[in-house]
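Below is one structure; the comments refer to it alone.
The values are calculated or read from the model by the stated rules, or taken from the named source; none is laboratory data. Nothing here was measured: the structure is a model prediction, and the numbers come from that model. Please note: Cβ atoms are built from the backbone with ideal geometry, for glycine as well, and neighbour counts cover all protein chains shown. To get the accessible areas, we keep the full protein, side chains included, count just its heavy atoms, and leave off ligands, DNA and RNA. Shrake-Rupley method; radii C 1.70, N 1.55, O 1.52, S 1.80 Å.
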Amino acid sequence: MRIGIVGGGQLGRMLAQAGAPLNLRFTFLDPGDEPCAAVHGEHVRADWQDAAALETLAATCDAITFEFENVPAEAVERLAEQRPAFPPAQALATARDRWLEKSLFRSLDIAVPPIARIDSQADLDAAVAEIGLPAVIKTRTLGYDGKGQKVLRTPEDVAGAFDELGGVPLILEGFIDFDHEISVIAVRARDGEIRHWPVVRNEHRQGILHCSVPQVSHPLQAQAEDYASRVMNALDYVGVMAFEFFVTAAGLLANEIAPRVHNSGHWSIEGAVTSQFENHVRAIAGLPLGETARLAPCAMLNVIGAFPERDAVLALPGTRWHDYGKAPRPGRKIGHITVLAADDETLTQRIEAVEALLVNELG
Ligand code: AMP
């Protein structure tokens with residue numbers, strides 16, 4: 001069986017690595033010369049707006065999936081007419097627009113921060129009067145790793161902010177004084193079965209994920225699972241989805257979903273019975289889902305912009321190295337390191353040992 005993946009970055013690369021033992025083959029559609037996934041399969045060099053290239057993907061693959069959400073719904077629908085293509089167009093369209101996404105959460109009784117839709121400076125002024133400061137303004141589409149957003153703290157920050165973010169549709173959110181951030185990764189099969197991994201505690205630096213630690217007995221696990229299941233069922237979702245939350249004194253507030261395998265699930269490659277990547281390809285291929293239990297205390301640390309000395313990391317006990325084969329550039333995710341241990345205390349020591357070697361350049 002051959003799986004077509006729209007996008008050929010590190011997520012595609014790790015999907016192919018997970019599919020290899022199942023004897024699944026992969027084709028990547030990506031405009032780059034040498035996308036980092038291409039070492040693990042065929043490469044169709046074109047972007048997702050190229051109708052002929054999408055036809056080629058549909059003609060040569062048995063099922064199709066996506067490693068990013070900015071694929072136009074019409075392109076997904078065209079593919080889905082010819083082959084199983086997951087997640088569905090509606091899930092991609094919802095996840096790439098912060099207003100549609102948060103509106104879906106609200107319709108499913110999932111708690112969200114105070115929000116307002118902003119199409120002009122006048123909208124912004126009115127929304128700030130209602131929601132108050134501080135607040136966060138974000139572009140509705142095309143935001144990632146903290147890009148396309150700004151914290152508004154004073155009336156001076158508000159003046160002219162609409163144009164500053166490019167005069168595009170925005171969403172204003174109340175600034176949440178959260179205790180910490182978590183995500184839950186979940187997978188839904190073609191027959192509707194859903195499984196969840198343990199929730200992950202995430203630490204960001206300059207808006208970019210730095211560290212993810214799965215928690216086996218987080219008090220909000222059941223609520224996070226319930227929220228993820230509601231969203232997946234509403235979207236008739238197939239594949240892996242990540243759901244990010246703020247943990248506050250009042251409980252969970254939903255931040256966003258990613259309709260794909262997610263950086264905060266990379267620990268599952270070594271740390272879970274079945275990784276997010278393997279369960280995603282299983283779901284797409286119509287195979288039974290695997291167990292999602294955590295195998296041992298573990299954590300994932302991102303390698304951003306520059307590599308630490310590889311051999312020094314390899315020599316540490318309990319570490320696993322992932323180099324995505326991408327050219328280093330400040331702010332670019334070029335690899336990650338998984339840290340495993342027999343107990344939490346040893347895990348903390350091992351995380352500190354890896355952090356002492358990291359030379360991340362966040363840009
Ligand atoms: P996002 O792209 O929406 O995930 O935002 C990136 C990061 O900015 C989040 O992981 C939070 O650390 C922070 N952030 C986003 N929205 C809010 C908010 N409404 N209140 C406080 N912090 C936020």
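Think of the stretch 2-85 as a dipole: +1 on every Lys or Arg Cβ, -1 on every Asp or Glu Cβ, centred on the Cα centre; then among Phe68, Ala53, Phe26, Phe26 lies furthest on the positive end. The charge dipole of the stretch 180-357, taken about its Cα centre with unit charges on the Cβ atoms of Lys, Arg (+1), Asp and Glu (-1) only, comes to about 560 debye. If you wrap the Cα atoms of the stretch 2-85 in a convex hull and average its projected area over all directions, you get 4.7 nm².
Can you classify the stretch 114-174 as rounded, prolate or oblate using the Cα gyration tensor, where a ≥ b ≥ c are the square roots of its eigenvalues, rounded means a/c under 1.5, and otherwise it's prolate if a/b beats b/c and oblate if not?
Because its axes are fairly even, with a/c under 1.5, the stretch 114-174 counts as rounded.
Computed about the Cα centre, the dipole magnitude for the chain is approximately 620 debye when only Lys and Arg (+1) and Asp and Glu (-1) carry charge, each at its Cβ. The alpha carbon radius of gyration of the stretch 317-363, expressed as a multiple of 2.2 N^0.38 Å, is 1.30. Is the C-alpha gyration tensor of the stretch 197-274 telling us rounded, prolate or oblate? Criteria: a/c under 1.5 is rounded; beyond that, a/b larger than b/c is prolate, otherwise oblate. Cα axes put the stretch 197-274 in the rounded bin.
Leaving out ligands and nucleic acids, and using a 1.4 Å probe, what accessible area per residue does the chain come to in Å²?
About 41 Å² of surface per residue is accessible.
Rounded, prolate or oblate: which fits the chain when a ≥ b ≥ c are the square roots of the eigenvalues of the alpha-carbon gyration tensor, with rounded for a/c under 1.5 and prolate only if a/b beats b/c?
It is rounded, given that a/c, with a ≥ b ≥ c, falls under 1.5.
Across the accessible surface of the stretch 2-85, with the other protein chains kept in place and a 1.4 Å probe, carbon and sulfur atoms take up 45 percent. The portion of the accessible surface of the stretch 114-174 made up by carbon and sulfur, rounded to a whole percent, is 54 (1.4 Å probe; DNA, RNA and ligands excluded).
Computed per residue of the chain from DSSP H runs no shorter than four, each worth -39500 (n - 2.57), the mean residue ellipticity at 222 nm is -8500 deg cm²/dmol.
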